[in-house]
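The values are calculated or read from the model by the stated rules, or taken from the named source; none is laboratory data. Just so it is clear, the model here is predicted, and its values are computed rather than measured. Note that each Cβ is placed from the backbone with ideal geometry, even for glycine, and that neighbours are counted across all protein chains shown. These area figures cover heavy atoms from the full protein model, side chains too; ligands, DNA and RNA do not enter into them. Shrake-Rupley method; radii C 1.70, N 1.55, O 1.52, S 1.80 Å.
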Amino acid sequence: MISTSAGFKTNIDKLDRDIGAKVEIFFDGDNNSPTVFYKDDQIVSIAILEELRADTMSPLGHVSANELSLVLNNSNRIFSPTNTESPYYNKLLPNVLIKAFIGVHVSGSYEYISLGEFRTGDWRSPSSQIRASVKCPDILASIGQKDMPMVPVIENTNIKEMFEILFQSFGLTSDDYIIDEDLVQPIRFGWFNRDKVINELQRLASSGHCFVFLNRQGKIRVKNIFSVGESVATLTDNNQIVNVDSPQKYSDTFSKIFLKYPMPTLNLESEQIVSLADVKSEVPDTTLTGITFSNAPICLVNQVALTKGRYSDIEYIKHGALDCTIKLINDNLLEEVRLTIFGQKMNKNEAISMATNAALVDLIGEKELSLTVDLIQQQEEANNYTSILLNFVGDPFAYYSADIRGNPSLEVGDVITLIDTADKVPSAEVVIVRQTMSFAGGLDGKLIAIKKECLE
């Protein structure tokens, strides 16, 4: 929960509260002063989605990007991209930094809370309307669409180090992300697939049972699902709650977990992993990219052999777990060469961990959730994972949803207490996993939360 003054805490729960809004748009670049708009100026509405979990196959571990939807008053057409007289002509571009804020009136001024940092998508300003709108994902969405670079197999590592390696491979520093210190699940051999970053982040999150999201300060946050703290706020039908629901959902309930995982070892024998004939070696050099290994992932590259050529040599080889790039140099004449690479593969040695809730089997039968997780690589860790997961998916009343009046100081990941006596919902400690806030002169919100006891 974001720290606020005592006046904010009091006024945000009042029935007659005065809600403020502002956005900072960096039309001239991130390092220049932004243009600031307020609710009484150009802002028509602001809507924000924050979530720790998205719809994925894995109940544990999620990567999600937040999104801001902004609508501005365009009655004077200053946000029409064809208006050459507008001060923002040729500035209504994608990837413009936007910072949004919601606040409440306290002691003569608004006390604002940051909603985070976002990047503009396409601006829309139909000539038939007097409003302009833009949807703005956070930076995690753009990072997620990048392609994973080549990264060699990492031996004797852990989940936290794998996240660090992924982030640093894109030039991020420790100032750009925060990773929980207790995400130290051991990994004998760690590797990345040549896939979109979002998929590799999801793979890490699923193996490490953690949430990956962008926090309000614009930093990538990697949070252990099970590192829940104490309740930071109490929401009741006298201050924030409009209604609460805890639906019974046996459709998402499972009585048995079936987990496949590897127990990898290094193959002691070196074997041929690349054989390319009739490779053209040009003068003065040739770079061969995307050379795929057979039997990947490959832990070690032992030998690179170049044959048939008289004038060619290998300047360097760069390799990851699945493929490599090789630069050939040629000091005389175009020729065809043969390239052979030898290396040591990883033997995955598939193993299985199962867990069953006998009482739930009697109630709903054997309803099995099957998962494959390749970065859990020890029996003890796998058994712990299935046990935790069964507790998580074995509760048909795990989730709560609530319509609330809205409080921007609440963050996803916060533990809160819900008490709704009017709807006969008893006191419950829950963890916020999804939150929406909508401002259009006033503020309202909706949240989805998981019972804290399911994550302990």
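Which FRET efficiency, nearest 0.05, do D444 and N156 yield, Cβ-Cβ r, R0 35 Å?
0.10
Using alpha carbons only, how many angstrom separate the centre of region 345-364 from the centre of region 252-267?
Cα centroid of region 345-364 versus Cα centroid of region 252-267: 6 Å apart.
Would you mind listing how long the chain runs along its three principal axes, going by Cα atoms, in whole Å with the largest first?
84, 71, 37
Could you point to the residue in L363, A382, N407 farthest towards the positive end of region 348-435's charge dipole, with +1 and -1 charges on the Cβ of Lys/Arg and Asp/Glu respectively?
N407
With every protein chain left in place, what is the accessible area of M263 in Å² (1.4 Å probe, nearest 10)?
M263 has an accessible surface of roughly 80 Å² with all protein chains in place.
Could you tell me which residue out of F211, I179, N199 lies farthest along the dipole of region 175-216 toward its positive end? Charges go on the beta carbon: Lys and Arg +1, Asp and Glu -1, centred on the Cα centre.
Looking along the dipole axis, the top candidate is N199.
Could you pull out the pairs from K219/K249; K249/K446; K249/K451; K223/K451; K14/K39 whose alpha carbons sit more than 24 Å apart here?
Pairs exceeding 24 Å: K219/K249.
Using only the alpha carbon atoms of region 205-319, find the Kirkwood hydrodynamic radius as the inverse mean reciprocal pair distance, in angstroms to one decimal.
22.0
Have a look at I165, P152, F101 and report the one farthest towards the positive end of the charge dipole of region 93-189, computed about the Cα centre with Cβ charges (Lys/Arg +1, Asp/Glu -1).
Most positive-ward Cα: F101.
Please give the calculated 222 nm ellipticity per residue for the chain, where each DSSP H segment of at least 4 residues contributes -39500 (n - 2.57) and the sum is spread over every residue; nearest 500 deg cm²/dmol?
On the way: 6 runs with 56 residues, N = 456.
Result for the chain: -3500 deg cm²/dmol, rounded to the nearest 500.
Using just the C-alpha positions of region 258-397 as equal point scatterers, what log10 of I(q)/I(0) does the Debye formula give at each q in 0.14, 0.19, 0.21 1/Å?
-0.73, -1.01, -1.14
Using Cα pairs closer than 8 Å and at least 6 residues apart in sequence, work out the relative contact order for the chain, in percent.
With pairs under 8 Å counted, the relative contact order is 18 percent.
For the chain, what is the accessible area per residue in Å² when the probe is 1.4 Å? Spell out each step's value before the answer.
Numbers: 20830 Å² over 456 residues.
Using a 1.4 Å probe on heavy atoms only, each residue of the chain averages 46 Å².
For the pair S45 and A351, what calculated FRET efficiency results from E = 1/(1 + (r/R0)^6), where r is the Cβ-Cβ distance and R0 = 45 Å, to the nearest 0.05?
0.30
Using r as the Cβ-Cβ distance of L333 and K260, and R0 as 56 Å, what FRET efficiency do you calculate, to the nearest 0.05?
So the FRET efficiency works out to roughly 0.60.
With all protein chains present and a 1.4 Å probe, how do I12, I165 order by accessible area, largest first?
I165, I12
Going by accessible area, probe 1.4 Å, with all protein chains left in place, what is the ranking of T340, T234, T436, T84, largest first?
Working: T340 15, T234 70, T436 40, T84 95 Å².
From most accessible down to least: T84, T234, T436, T340.
Based on the Cα gyration tensor of region 75-188, what are the three equivalent ellipsoid semi-axes, each the root of five times an eigenvalue, rounded to whole Å and given largest first?
They are 40, 22, 10 Å, listed from largest to smallest.
Can you give the Rg and Dmax of region 325-456 based on its C-alpha atoms, in angstrom?
Final numbers for Rg and Dmax: 26.1, 87 Å.
For region 104-159, what is the per residue volume of the convex hull drawn over the alpha-carbon atoms, in cubic angstrom?
151
Mind grabbing the base-10 log of I(q)/I(0) for region 349-400 at q = 0.19, 0.22, 0.27, 0.30 Å⁻¹? Debye formula, identical points on the C-alpha positions, no solvent, two decimal places.
-0.71, -0.88, -1.12, -1.26
Using a cut-off of 20 Å between alpha-carbon atoms, which lysines can reach K308, once sequence neighbours fewer than 8 places away in the same chain are excluded?
Straight-distance partners of K308: K280, K327.
Based on the Cα coordinates of region 131-285, what is the per residue volume of their convex hull in Å³?
Considering the Cα atoms of region 131-285, their hull volume per residue is 305 Å³.
Could you check how much of the accessible area of region 368-452 is carbon and sulfur, as a whole percent, using a 1.4 Å probe?
Percent of accessible area from carbon and sulfur atoms in region 368-452: 48.
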